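Bear in mind that the values in this text are calculations on the coordinates, not laboratory data. These numbers were taken from a predicted model, which means no experiment stands behind them. Cβ atoms come from the backbone with ideal geometry, glycine included; neighbour counts cover every protein chain shown.
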Amino acid sequence: MTPEEEFAQRVQGNIRRLGADTDFRGLTNVWVRESIRHSYAQNFTWLGRPVIQVPQDVYAIQELIWRIRPDLVIETGIARGGSLVLSASMLALLDYTEAVEAGAPLVPADSKRRVLGIDIDIRPHNRAAIERHPMAHLIEMMQGSSIDPDIVAAVRKRAASFKRVMLFLDSNHTHDHVLAELEAYAPLVSPGSYCVVWDSGVEDLPEGFVTDRPWGKGDNPKTALFAYLEELRGAGRQAADGAPLSLEIDKDIEHKIMITASTDGFLKRV
C-alpha cells in the first residue's frame, strides 16, 4: 500500500467514525441551528463575491468539482453571484490543470466549460458585478423561473452539448418548487456526478423556526428530494442520456464535512 493509499484509508475511517458518533452529530446540529440566528452563511465571499454558503459546504463543492471534472454546472438561484464564481473558478482550475497535464504553456482562451445560472430576478447590480468579474467568460445567466417550461427547455437544449453535468438547486425552497426542479433537471446529471439540493437542512430545524419564508418544516427541499427519490424507486425515470435514472444520498460527504446546510442533500447518480 502506498503512503497516499494508506492516508486515504485513514480518512475513510475518520468519516465512518464521524458518521457513527451521534453525540458529535448532535452538537453539529445545534451549532447549525444557532448559526442561522446570526445569518452566519452570509459572512463569506469567494473571489470577492458573497457566496452565502457555510465554508464546509464550499469545501464540498471544491472536492466534488475536482473529482467529477464537469463540463457544465447548472445552478438554480444566483443571489449575489458568489456560487457562480466559485463554480467558474473551479472550472478554470480544471482547464489550467488539463493544460499543464497536456504540456501546454497556457490555458486556451476558448474553454468549452460553463456555469449556467438561473434566477427569477437577476438584479442589475448583481448582474453587473458578475459580468465584470474575471470569471465571467465561464458564466452564462438566464432570467426567469427555473421551472418555467421555456426556461427548462432552454437549459435542456444548452446541456445537450456537454458530456459531464453537475447540478446545484438553490432557488425557491418550497417542496413543490424543488420537486419540480428535480423533475426538470435531475435527468441531466451525468453518471457518477451529483445533484446537490441546498438547504435541505430546513427539515431538521424546530417547528416554527423559519418565519419569514414560504417554506419550513414539512415543506422544504428535503421533503421534495425524498419524494423524488421515492418516484425513482417506483415508476422510475429515464435520464437525458437514455439510461435509467438512479440517485442515492451520499452520506460520506455529509459525514466528512459535518457542518452543512444540506443534510441528505448530496445526491449521486449511480
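Can you tell me the length gained on complete extension of the stretch E231 to I259, counting 0.36 nm per residue apart and subtracting the Cα distance? Intermediate results must be reported in sequence, preceding the final value.
Details: separation 28, 0.36 × 28 = 10.08 nm, distance 2.86 nm.
That works out to 7.2 nm of additional length.
Is it possible to state the helix-based mean residue ellipticity at 222 nm for the chain, with each DSSP H run of 4+ residues giving -39500 (n - 2.57), the sum divided by total residues, to the nearest 500 deg cm²/dmol? What is it?
That comes out to -14000 deg cm²/dmol.
Which loop trypsin sites (Lys or Arg not before Pro) in segment 48-142, with loop taken from DSSP, have no more than 11 other Cβ atoms within 10 angstrom of their Cβ?
Filter output for segment 48-142: empty list.
Using a Gaussian network model of the chain with C-alpha springs under 10 Å, which one of I61, I36, I253 is most mobile by mean-square fluctuation?
Between I61, I36, I253, it is I36 that shows the largest mean-square fluctuation.
Which of [x] 20.8; [y] 22.3; [z] 19.4 is the computed Kirkwood radius over Cα pairs in Å for the structure on display?
[z]
Please give the length that would be gained between Q12 and H125 if that part of the chain were fully extended, namely 0.36 nm times their separation in residues minus their C-alpha to C-alpha distance (nm, one decimal). Mind showing how you got there, number by number?
Working: separation 113, 0.36 × 113 = 40.68 nm, distance 4.37 nm.
The Q12-H125 span can extend by a further 36.3 nm.
On a C-alpha basis, how far is the centre of segment 196-270 from the centre of segment 141-167 in Å? Whole number, if you could?
Here the answer is 20 Å between Cα centres.
Which of the three applies to segment 105-248, rounded, prolate or oblate, going by the alpha-carbon gyration tensor with a ≥ b ≥ c and a/c under 1.5 meaning rounded?
In terms of gyration-tensor shape, oblate.
What is the dipole size for the chain, taken about its Cα centre, with +1 at each Lys and Arg Cβ and -1 at each Asp and Glu Cβ, in debye to the nearest 20?
Rounded to the nearest 20 debye, it is 420 debye.
Taking the simple approach of a point 7 Å from Cα along Cα-to-Cβ for both R25 and E183, what is their distance in nm?
3.1 nm
Where the centre of each part is set by its Cα atoms, how far does segment 48-123 sit from segment 24-45, in angstrom?
25 Å
Can you pick out the pairs among K217/K268; K157/K222; K163/K268 whose Cα atoms lie more than 21 Å from each other? Could the numbers behind the result be given before it?
Numbers: K217/K268 24 Å; K157/K222 28 Å; K163/K268 16 Å.
Over 21 Å Cα-Cα: K217/K268; K157/K222.
For the chain, give the share of DSSP beta bridges that are antiparallel, in percent and rounded to the nearest 5; count only bridges with both residues there.
Approximately 35 percent, going by the DSSP bridge assignments.
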